[in-house]
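Below you'll find the structure, written out as structure tokens, and then a few comments.
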Amino acid sequence: MGFIRDTKLHEMECIKADGIHRHYRFSKPNSSAYWFDIVTFPGYLVMTGDMGTWPFRRIRDMVQFFNKDRIDRGYWAEKLQMGSGRSEVTGAYKEVDLPNTLKDLRKILESWYDENKHDVDQVEKDELKSSYNEFASRLGRVKSYAEDYSCGSISENVFYRAVEEADLTGESQWQYDSPWDYEDLYPQFNPTYHFSWACEAIQYACHRIANKEVAEAAVDKFLNFSQLVSFPPTFIADLKLESIHAYGAEGYVFNDTKKRFVDGAPVQTSQVINIDTYLTDGYIQTVNSVYRIII
């Protein structure tokens, strides 16, 4: 919802379009809020703007790589090209999910206490309970240290620093071993807000760019064909347009020449290939059909 809300008034500006050498700007007119650019060249796509700079490398035409219906943040993150090593990349795109990580560590502590409390005498039980409270206190210090050392999001390095300073793996003062070993301390992660926003921006932009290029190719093909045969497009129906986006148009159909719909029936078309020119065209062209726009 953040990206959609932040960019609902954005417009696409083509600065350069020369094959896979592209530069597009997405921004709200007369505003610099949440602007972003998409730049592509062979093998790379770079998104830059208010939400940071994110360079990716995978295939020759990265618009096609990102022109998907589903965002795969984990897979996309593997294609990031930032800094001099993966540790720098990791810190940019993911953050520790501290509440759920601490919840898992608390469960291990509870299991440790339950497993040991039945096999000790009263003195040892008191020491066990005191050790349990000590370890629980260390968990609290992990939370406090991690929040103190971070600037909003908590990186993996900050989390492990907090674990070390809280002495989470050390024995208690009653010489009970820690309930946690090092494998238990691997945290849960979430993608950072900025990376998630960037992924949505890239997907949206690549949809728009790909649709524009398909539309331009179709228009060129249509114009060339029209010059040869000299007749206008054949409309299969009239469409009272309600909304239009990269994935298709919605509205009410009339005069369906194929007799599939009664007049006034609601329809949703397939992908619109003249998404950027439909207003001046006066019609909506999909892969297989052409609808005349009516009011």
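The values are calculated or read from the model by the stated rules, or taken from the named source; none is laboratory data. Since the model is a prediction, treat every value here as computed from it, not as a measurement. Virtual Cβ from ideal backbone geometry, glycine too; neighbours counted across all protein chains shown. Heads up: the accessible areas ignore ligands, DNA and RNA and are worked out on the full protein's heavy atoms, side chains in. Shrake-Rupley method; radii C 1.70, N 1.55, O 1.52, S 1.80 Å.
Can you find a residue that is in contact with a helix residue (DSSP H, G or I) (Cβ under 6 Å, 6 or more places away or on another chain) and open to solvent by 60 Å² or more (accessible area, probe 1.4 Å) anywhere in the stretch 61-69?
Step one: list which residues in the stretch 61-69 are in contact with a helix residue (DSSP H, G or I) (Cβ under 6 Å, 6 or more places away or on another chain), which gives 63, 66-67.
With the extra rule that they be open to solvent by 60 Å² or more (accessible area, probe 1.4 Å), the set shrinks to none.
No, every residue in the stretch 61-69 fails to be in contact with a helix residue (DSSP H, G or I) (Cβ under 6 Å, 6 or more places away or on another chain) and open to solvent by 60 Å² or more (accessible area, probe 1.4 Å).
Scanning the stretch 151-167 for residues that are in contact (Cβ under 8 Å) with a residue 60 or more places away in the chain and either open to solvent by 40 Å² or more (accessible area, probe 1.4 Å) or not aromatic (Phe, Trp, Tyr) (or both) returns SER155, GLU156, ASN157, VAL158. Answer yes if at least one residue in the stretch 222-237 is surrounded by fewer than 17 Cβ atoms within 10 Å (Cβ to Cβ), modelled with pLDDT of 85 or more and under 37 Å from the mean Cα position of the chain (by Cα), and no otherwise. Taking every residue of the stretch 222-237 in turn, none turns out to be surrounded by fewer than 17 Cβ atoms within 10 Å (Cβ to Cβ), modelled with pLDDT of 85 or more and under 37 Å from the mean Cα position of the chain (by Cα). Residues of the stretch 8-27 being closer than 15 Å to VAL63 by Cα, touching a Lys or Arg at 6+ places or on another chain (Cβ under 7 Å) and open to solvent by 80 Å² or more (accessible area, probe 1.4 Å), which ones? Within the stretch 8-27, just LYS16 meets the criteria. Of all the numbered requirements in (1) in a loop (DSSP other than H, G, I, E, B); (2) over 30 Å from PHE56 (Cβ atoms); (3) open to solvent by 90 Å² or more (accessible area, probe 1.4 Å), ASP148 misses one, and that requirement is (1).
Does any residue of the stretch 137-145 turn out to be within 29 Å of the chain's Cα centre (by Cα) and of a type outside the set (A, V, I, L, M)?
Step one: list which residues in the stretch 137-145 are within 29 Å of the chain's Cα centre (by Cα), which gives 143.
From the residues that got through so far, the ones that are of a type outside the set (A, V, I, L, M) too are 143.
Yes - at least one qualifying residue is present in the stretch 137-145.
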